[in-house]
Amino acid sequence: MSLMTRPSNPQFNQGTRSEIGHGVDRPYRGRFAPSPTGPLHLGSLATALGSWLDARAHGGTWLVRIEDVDTPRSAPGADRLILDQLQACGLEWDEAPVWQSQRTTHYQNALEQLITIDRIYGCQCSRKQIEEVLQKEGVLIKPNQELIYPGVCRERKVSIENHALRIRLPHECQISFTDRDLGKQTQDLNTQVGDFVLRRADGLFTYQLAVVVDDHLQAITHIVRGEDLLSNTSRQIHLQQCLGYQTPNYLHLPLVTNDAGEKLSKQTKATAVDITRTESIRENLCRAANHLGLQNDPISGSITQWLNRKVQEWQERHFM
Ligand code: GLU
């Protein structure tokens, strides 16, 4: 499905398209931030390609960040494999990749900043307890659904040691931002998300905190990523505001789905891009480009030549 024609996410209100570079006056810095749960497949390759093309089309800098903050979910060796796959596909990065597992001091510092301004509280609710409270309130819960935290521990003064830590949202917390393709998005964090977790009971920092801190410290101006993360963006903007960070420009790309309409992932048994076979690399790159709304022309010369053509195409499609 092309970027131009896809339907909007029904959870969000759609508005008008914004200009490229909307709200950002710093030199372009983009990033691809894979979680190393497995090798790249067509879906993650399409995200990497979209983010790389956008950076190159802007004459910007492109970084790779390995998001292994959730260490138990990381597959051994997947980080190296992803980097090899990116290189085999000609998607070269401009600065040394970073690993979130080595950056916990930065997340701790940000957390302490939030504790100082009284935006954090300890929470001892288990998922089961939260489900019970919500069920009593008449909320229907589907399996694996993200739960809107009903605020049980907000006033309980639970210790912040050895417990999950949640952000305390202000009473009014409606966040709006403009996605470059999907237009204006608005989410009410209180009614659609609730106080969310920044550090889990096992001590691991969550994606929400780590991604915001890293995007800030790496001076990322443009985030180009999959549409599955659209509903996380308001949370991240709220955190940026609490921490005094600038908000980057956002573009959420359409997801690649399988015949059953499911997002390609390790769970849905997506096939890895096989870099031992030139054919697999070329075929996956062409399909990824086509998925992003670019022409499906085969790679006849070098991958670099083909990528240069795609950069031009991306510029024509997005800048004119
Ligand atoms: N690590 C996330 C993922 O692989 C992406 C995070 C992001 O781009 O913000 O889904």
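When Thr191 is tested against (1) among the β-branched types (Val, Ile, Thr); (2) in contact with a His (Cβ under 6 Å, 6 or more places away or on another chain); (3) assigned to a helix (DSSP H, G or I), just one condition goes unmet, and that condition is (2).
Out of the residues in the range 146-184 meeting the condition of being hydroxyl-bearing (Ser, Thr, Tyr) and within 30 Å of Pro254 (Cα to Cα), tell me which one is surrounded by the most Cβ atoms within 10 Å (Cβ to Cβ). Give the derivation first.
Step one: list which residues in the range 146-184 are hydroxyl-bearing (Ser, Thr, Tyr), which gives 149, 159, 176, 178.
Okay, now just the ones that are also within 30 Å of Pro254 (Cα to Cα), so 149, 176, 178.
Details: Tyr149: 21, Ser176: 13, Thr178: 18.
Among those residues, the one meeting the criterion is Tyr149.
Based on this model, can you work out whether Asn162 counts as in a loop (DSSP other than H, G, I, E, B) and either at pLDDT below 95 or within 23 Å of the chain's Cα centre (by Cα) (or both)? So Asn162 passes the test.
Restrict the check to the range 291-298 and report whether at least one residue is free of Cβ contacts under 8 Å to residues at least 24 places away in the same chain and within 18 Å of the chain's Cα centre (by Cα). Looking for residues that are free of Cβ contacts under 8 Å to residues at least 24 places away in the same chain and within 18 Å of the chain's Cα centre (by Cα), one finds none in the range 291-298, hence no. Selection of the range 49-81 for residues being among the hydroxyl-bearing types (Ser, Thr, Tyr), in a helix (DSSP H, G or I) and within 12 Å of the ligand (Cβ to nearest atom) yields only Ser51. Filtered by the rule that a residue be in contact with a Leu (Cβ under 7 Å, 6 or more places away or on another chain) and of a type in the set (Val, Ile, Thr), the range 107-159 gives Ile120, Ile130, Ile141.
Results for (1) modelled with pLDDT under 95; (2) closer than 30 Å to Leu189 by Cβ, shown as yes or no for each residue.
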residue	(1), (2)
Leu243	no, yes
Lys263	yes, yes
Ala272	yes, no
Leu285	no, no
Ile299	yes, no
Phe319	yes, no
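When the range 197-237 is limited to residues that are within 10 Å of the ligand (Cβ to nearest atom) and acidic (Asp, Glu), the one that is nearest to Thr61 (Cα to Cα) turns out to be Asp215. Considering only residues in the range 238-250 that are within 14 Å of the ligand (Cβ to nearest atom) and more than 11 Å from Phe177 (Cα to Cα), the one that is surrounded by the most Cβ atoms within 10 Å (Cβ to Cβ) turns out to be Leu239.
Among residues of the range 113-145 being in a loop (DSSP other than H, G, I, E, B) and touching a residue at least 40 places away in the same chain (Cβ under 8 Å), the one that is surrounded by the fewest Cβ atoms within 10 Å (Cβ to Cβ) is Asp118.
Against the definition (touching a Pro at 6+ places or on another chain (Cβ under 8 Å) and surrounded by 15 or more Cβ atoms within 10 Å (Cβ to Cβ)), how does Arg309 come out, yes or no? Considered against the rule, which asks whether it is touching a Pro at 6+ places or on another chain (Cβ under 8 Å) and surrounded by 15 or more Cβ atoms within 10 Å (Cβ to Cβ), Arg309 comes out as no. Of all residues in the range 217-226, those that are surrounded by fewer than 19 Cβ atoms within 10 Å (Cβ to Cβ) and not small (Gly, Ala, Ser) total 2. Out of all the residues in the range 164-185, is one or more out of contact with any Pro (no Cβ under 7 Å at 6 or more places or on another chain), away from the ligand (no atom under 16 Å from the Cβ) and under 22 Å from Ser101 (Cβ atoms)? Yes, there is a match, as at least one residue in the range 164-185 is out of contact with any Pro (no Cβ under 7 Å at 6 or more places or on another chain), away from the ligand (no atom under 16 Å from the Cβ) and under 22 Å from Ser101 (Cβ atoms).
A quick yes/no check of all residues on (1) in contact with a Pro (Cβ under 9 Å, 6 or more places away or on another chain); (2) of a type in the set (Gly, Ala, Ser); (3) surrounded by 21 or more Cβ atoms within 10 Å (Cβ to Cβ); (4) more than 30 Å from Gly194 (Cα to Cα):
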site: Asp259; (1), (2), (3), (4): no, no, no, yes
site: Arg282; (1), (2), (3), (4): yes, no, no, yes
site: Ala288; (1), (2), (3), (4): no, yes, yes, yes
site: Pro298; (1), (2), (3), (4): no, no, no, yes
site: His318; (1), (2), (3), (4): no, no, no, yes
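Taken together, the criteria exclude Ala46 from residues that are more than 9 Å from the ligand (Cβ to nearest atom), hydrophobic (A, V, I, L, M, F, W, C) and surrounded by fewer than 22 Cβ atoms within 10 Å (Cβ to Cβ).
The values are calculated or read from the model by the stated rules, or taken from the named source; none is laboratory data. The model shown is predicted, which means the values in this text are computed figures rather than measured ones. Cβ sites come from the backbone with ideal geometry, for glycine too, and all protein chains shown count toward neighbours.
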